[in-house]
Amino acid sequence: MLRDITTKTLRDQGRAFAGWGVAIVLLVAMYVAIWPSMRDQPAMSDFIDQMPEAFRNLFATAGADMSTPVGYLQIELLSFMAPILVILYAVTAGSAAVAGEEGRRTLDLLVTAPVSRRRIVLEKTAAMVVGTVGLSALLGLALVVEGRFADMNLPVGDVAAAMLHLALLGLVFGGVALAVGCVTGQAGLSKGIAAVLAVVTYIVNGLGAMVSWLEPLQRYSPFYQYAAHDPLRHGVSWPAVVVALVTVVVLVVVAVLGFERRDVRS
Amino acid sequence: MGSVITAEGLTKAFGDTVALRDLTLEVESGEVFGYLGPNGAGKTTTLRLIMGLIRPTRGSVSVLGMDAWRDAVPIHARVGYVPGELVLYDRLTGYDHVDYLAALRGSARPARVEQLAEQLDLDLRRPARELSRGNRQKVALVLALMNEPELLVLDEPTGGLDPMVQRTVQGLILDHAAGGGAVLLSSHVLGEVQRVASRIGVLRAGRLVAVERLDDLRAKSLHHVEVQFADTVPAAILDPVPDLRDVVVDGPSLRCSAPQSSLDAVLKVVSAHPVVDFACAEAELEETFLAYYGAGETDAA
């Protein structure tokens with residue numbers, strides 16, 4: 001388990017992974033358990049329909065139908081809770097990658113080993129990608145398997161598509177934390193900037209449809225790429241995948257160049 | 001004997017603070033170079049420049065003929081480093097550290113590890129968070145030495161070690177140099193380096209103020225002279241003798257510190273007066289060092 005930086009980093013997260021896994025399985029179980037009572041309450045859909053449009057856009061995906069399993073999950077889980085979980089994980093991993101080790105001073109061990117700084121950043125990035133994709137996959141698996149118990153009959157392909165977009169959403173903000181951490185060496189700052197950016201782009205996406213001056217910005221929000229095309233019903237949006245991937249790649253390049261050019265803090 | 005470290009006009013500023021100014025220095029293979037100075041003088045900055053952790057503001061430093069910043073990776077394959085403010089991975093054991101850093105070099109656990117652990121009396125099976133500062137220091141030494149590097153860069157490597165283990169470490173350092181390797185050894189006290197170093201450099205406020213062979217320093221070594229005369233002697237009795245320090249003449253008693261080269265002149269002056277008692281003892285090298293290179297600014301005491 002100590003063959004390279006990637007496996008070492010994933011091993012370090014071992015216990016945290018277990019925690020995240022349990023949290024995800026329980027969270028999905030909770031949503032699945034509530035589903036039958038929701039389904040039998042048509043008033044719920046009316047309630048959502050009657051919400052002010054701003055609220056509906058912020059806390060639910062527009063157009064989702066609460067009376068179907070897919071619409072219910074879209075509103076209850078994928079609009080808010082799942083992105084928070086995955087972004088939280090990815091940002092933590094991205095920030096810990098270089099800035100976190102630097103803050104704890106263990107980075108000296110790595111940088112003075114015969115390993116290039118580029119390789120350190122790339123292997124750390126690989127660990128973040130594996131972790132984020134793993135958690136998203138676990139969430140998807142939990143949805144499909146646990147959904148069976150409540151006869152939700154979720155379309156497996158579309159769940160996979162939604163999880164792909166979810167993982168990419170996490171990686172965009174994880175990439176921000178990674179890049180800021182690599183350029184500045186400050187773990188706190190990198191988490192802070194990524195979190196603020198996540199909140200701002202979430203609001204821009206939610207309100208973009210209604211606030212005219214936000215509308216041109218909406219398309220640039222990672223949340224727009226994540227959910228605007230409603231992946232649980234329409235599958236993968238390849239343009240959205242490309243946009244997210246390019247964003248992540250650019251952020252990783254910034255991280256490498258930033259880290260290669262600066263002093264390791266003491 | 002080739003030059004292993006060559007610094008030329010090496011300067012490092014952090015913002016407005018110049019931590020190291022125009023350092024020019026050579027360390028050769030087979031040599032143990034003691035790098036001395038008070039905390040904050042720029043020792044750690046120098047070592048971090050050599051290890052490519054930080055980038056020079058001006059000037060350059062080359063290690064094994066390669067640029068310390070640009071060619072950090074090939075250099076690190078041939079250098080062992082013990083950082084000053086050492087931190088290990090809390091949850092990893094000594095063996096985990098060994099295996100991880102060996103894997104990063106593309107090798108299996110080096111055979112030398114067991115031997116080093118035995119010499120240092122170190123249990124590599126325990127996680128780092130359970131180790132005392134001294135034992136963590138030993139793990140760092142194993143990590144630095146296990147790949148038989150050509151150069152050792154050691155930032156206060158014996159801090160936190162008991163005197164017995166300090167001896168062992170000094171033995172390892174001497175073996176390394178005897179095998180043709182070079183060592184750059186920083187410390188804020190001469191005592192830690194005087195048994196092993198062949199040359200010392202003295203750093204103060206970011207400037208290298210002296211480089212001296214330890215043998216030359218020993219030749220300058222001070223002697224404490226105390227004389228009790230039968231009668232009061234003139235206060236200026238020792239004025240004709242050069243290179244004396246701390247001269248105190250108080251009625252019939254006299255005290256001073258004299259380098260070996262001045263002892264003859266002191267004796268001749270003293271013997272012109274009736275003497276009741278006379279004592280002369282060689283000072284610790286540390287004291288000689290401090291007398292020449294500034295006690296006031298050193299936290300060595």
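Filter region B:52-62 down to the residues that are within 12 Å of chain A (Cβ to nearest Cβ) and in contact with a helix residue (DSSP H, G or I) (Cβ under 7 Å, 6 or more places away or on another chain) and list them by number. Let's see the steps before the verdict.
Here is the first cut: in region B:52-62, the residues within 12 Å of chain A (Cβ to nearest Cβ) are B:52-57.
Within region B:52-62, B:GLY52, B:LEU53, B:ILE54, B:PRO56 meet the criteria.
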Inset, instruction - Scan (1) on the phi < 0 side of the Ramachandran plot; (2) away from every other protein chain (no Cβ under 14 Å); (3) not in a helix (DSSP H, G or I) for the single condition A:ILE87 breaks and write down its number. - result: (3)
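Determine if region B:231-245 includes at least one residue that is in a strand (DSSP E or B) and touching a strand residue (DSSP E or B) at 6+ places or on another chain (Cβ under 7 Å).
Within region B:231-245, the subset in a strand (DSSP E or B) is B:245.
Add one more test, that the residue is touching a strand residue (DSSP E or B) at 6+ places or on another chain (Cβ under 7 Å), and what stays is B:245.
Yes.
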Inset, instruction - Being in contact (Cβ under 8 Å) with a residue 12 or more places away in the chain and open to solvent by 10 Å² or more (accessible area, probe 1.4 Å) is the filter; apply it to region B:118-130 and report the residue that is nearest to B:GLU26 (Cα to Cα). - result: B:GLN119
Inset, instruction - State which residue is modelled with the lowest pLDDT when the search covers only region A:1-54 and only residues that are of a type in the set (Lys, Arg) and open to solvent by 40 Å² or more (accessible area, probe 1.4 Å). - result: A:ARG39
Legend entry - Subset of region B:81-100 that is open to solvent by less than 30 Å² (accessible area, probe 1.4 Å) and of a type in the set (Ser, Thr, Tyr) - its residue that is farthest from the other protein chains (Cβ to nearest Cβ): B:THR93
Legend entry - Scope region B:63-80; condition in contact with a helix residue (DSSP H, G or I) (Cβ under 6 Å, 6 or more places away or on another chain) and either surrounded by 23 or more Cβ atoms within 10 Å (Cβ to Cβ) or at the interface with chain A (Cβ under 7 Å from one of its Cβ atoms) (or both); matching residues: B:VAL63, B:ALA68, B:GLY80
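Kindly indicate which of A:ARG105, A:ARG118 is open to solvent by 30 Å² or more (accessible area, probe 1.4 Å) and assigned to a helix (DSSP H, G or I). Before the answer, list the steps.
Working: A:ARG105 fails: assigned to a helix (DSSP H, G or I).
Among A:ARG105, A:ARG118, only A:ARG118 is open to solvent by 30 Å² or more (accessible area, probe 1.4 Å) and assigned to a helix (DSSP H, G or I).
Can you list the strands (runs of 3 or more DSSP E) lying wholly within region B:131-214 that have 1 or more residues being open to solvent by 10 Å² or more (accessible area, probe 1.4 Å)?
Numbers: elements: B:151-155, B:182-187, B:199-204, B:207-213.
Because the criterion is at least 1 residues that are open to solvent by 10 Å² or more (accessible area, probe 1.4 Å), the strands (runs of 3 or more DSSP E) in region B:131-214 that meet it are B:199-204, B:207-213.
Taking region B:215-236 as the region of interest, how many residues are among the small types (Gly, Ala, Ser) and open to solvent by less than 10 Å² (accessible area, probe 1.4 Å)?
Of region B:215-236, the ones among the small types (Gly, Ala, Ser) are B:219, B:221, B:230, B:235-236.
Subset that is open to solvent by less than 10 Å² (accessible area, probe 1.4 Å): B:221.
Residues that pass the stated criteria total 1.
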Inset, instruction - Check B:THR24 against each of (1) open to solvent by 50 Å² or more (accessible area, probe 1.4 Å); (2) more than 9 Å from chain A (Cβ to nearest Cβ); (3) in a loop (DSSP other than H, G, I, E, B) and name the one condition it does not meet. - result: (3)
Inset, instruction - Residue by residue through region B:102-130, note down the ones that are in a helix (DSSP H, G or I) and either within 11 Å of another protein chain (Cβ to nearest Cβ) or among the β-branched types (Val, Ile, Thr) (or both). - result: B:ALA102, B:ALA103, B:LEU104, B:VAL113, B:ALA128
Inset, instruction - Check A:ALA137 against each of (1) buried (at least 22 other Cβ atoms within 10 Å of the Cβ); (2) modelled with pLDDT of 95 or more and name the one condition it does not meet. - result: (1)
Legend entry - A:LEU251 vs. criteria at pLDDT 95 or above and within 16 Å of the chain's Cα centre (by Cα): yes
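The values are calculated or read from the model by the stated rules, or taken from the named source; none is laboratory data. Keep in mind that what you see is a predicted model, and the values were worked out from it rather than measured. For neighbour counting, all protein chains shown are included, and Cβ atoms are generated from backbone atoms with ideal geometry for every residue, glycine included. Surface accessibility is based on the protein's heavy atoms, side chains included, excluding ligands, DNA and RNA. Shrake-Rupley method; radii C 1.70, N 1.55, O 1.52, S 1.80 Å.
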